[in-house]
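Before any comments, here is the structure.
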Amino acid sequence: MSRIAYVNGRYVPHAQACVGIEDRGFQFADGVYEVCEVKGGRLIDEARHMARLDRSLKELRIDHPMPPQALKLVMRQTVSRNRVRDGIIYVQITRGEMRRDFPFPPAGTPPTVVVTARHHDRARIDQLAEQGIAVVTMPDIRWQRVDIKSVALLPNVLAKQAAKEQGGREAWLVDAEGFVTEGASSNAWIVSRDNKLITRPLGTGILPGITRSVVLDLIAAEGLVFEERPFTVEEAYAAREAFVTSASQLVMPVVTIDGRPVGNGAPGLMAGLLRRGYSQMAAVS
Ligand code: PMP
């Protein structure tokens, strides 16, 4: 079965799906995106993802391409036309297509909307979670508004590639003061020796992860000890546990940082508890 993409009002086979060469997303990375988990054909935490998409659009003054109900319908159609049971849905909205020039195009220029969905192998991700992943730290060289989920991901691409070349699956980005900001495509967490869950507070320096917010609800519901504060790379090396959160991996244990084992070098109890508890907290729609 060929994959189907939604592009500006039409459902088309991937091979024929295209946007113009002067699209602002292609020319300037002038656009935003969202990634939502699909489980059993249903969207997970859709309302929170849609709220973050609205915020990203507002922050960049990109017009909403269609009413929220219509976009929800397109997302569902894209999932069902691709027969995705478990996977992800990707939504990208750019400032549209116009002769290349830095200032915004004239008011009324229609934004470009692309929606794709793809299957992922849940069993493989669960298996990975049983092993845990390796992360590699590196300087955070991104711009100062990474709270906006923009498609300008070049520093993240370079960080992920560097991590991969060093045998890691994720890069942990480190600010000028030596504090971990977040992963290149996930939020970063540690569990201290005295069993406190620690993650960086929201601000302009990290993406407000939806999985992070659901895990926070879970922590509150379970009455776990939690500290929202920046942590250093040295603290992470010395931590009892570490893990990352993202819509595609949920709660993923980290077993080595820069080649050093975290705790006893195996996925931690807290990460396991949160991973198992996640589905009870996540909203299905
Ligand atoms: N930080 C960054 C930089 C990301 O790219 C992602 C994944 N989109 C996250 C955090 C995690 O966000 P979420 O839980 O909403 O997937």
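Just so you know, all these numbers are worked out from the coordinates, no wet-lab data involved. Remember, it's a predicted structure, so these values are computed and weren't measured experimentally. Positions of Cβ are generated from backbone atoms using ideal geometry, with glycine treated the same way; all protein chains shown enter the neighbour counts.
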Review point. By average Cβ neighbour count within 10 Å, what is the ranking of 262-269, 119-126 from highest down?
Key: 262-269, 119-126
Check your understanding: Based on the alpha-carbon gyration tensor of segment 4-120, what equivalent-ellipsoid semi-axes (square roots of 5 times the eigenvalues) come out, in whole Å, largest first?
Key -> 25, 16, 11
Check your understanding: Counting only complete DSSP H runs, which helices of the chain cover 15 Å or more along their long axis at the Cα atoms and score a mean Kyte-Doolittle of -0.5 or above?
Key -> 68-81, 154-165, 210-222, 269-281
Practice item. May I ask you to work out the translational diffusion coefficient for segment 128-190 at 25 °C, viscosity 0.890 mPa s, via Stokes-Einstein with Rh from the Kirkwood sum over Cα pairs, reported in whole µm²/s? Key: 203
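Using only DSSP helix segments of four residues or longer, with each worth -39500 (n - 2.57), what per-residue ellipticity at 222 nm results for the chain after dividing by its residue count and rounding to 500? If you can, show how the numbers build up before the last one.
Working: 8 runs with 87 residues, N = 285.
Helices in the chain give a 222 nm mean residue ellipticity of -9000 deg cm²/dmol.
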Point to revise | Counting DSSP beta bridges with both ends in segment 139-285, the antiparallel % (nearest 5) | key: 80
**Study point:** Shape parameters for segment 154-229, alpha-carbon atoms, Rg then Dmax in Å
**Key:** 13.5, 39
**Study point:** Charge tally in the Cβ shell below 15 Å around residue 27, where Lys, Arg are +1 and Asp, Glu are -1, residue 27 excluded
**Key:** -1
Exercise for review: Output the direction-averaged projected area (hull surface divided by four) of the convex hull of the alpha-carbon atoms of the chain, in nm².
Suggested key: 15.0
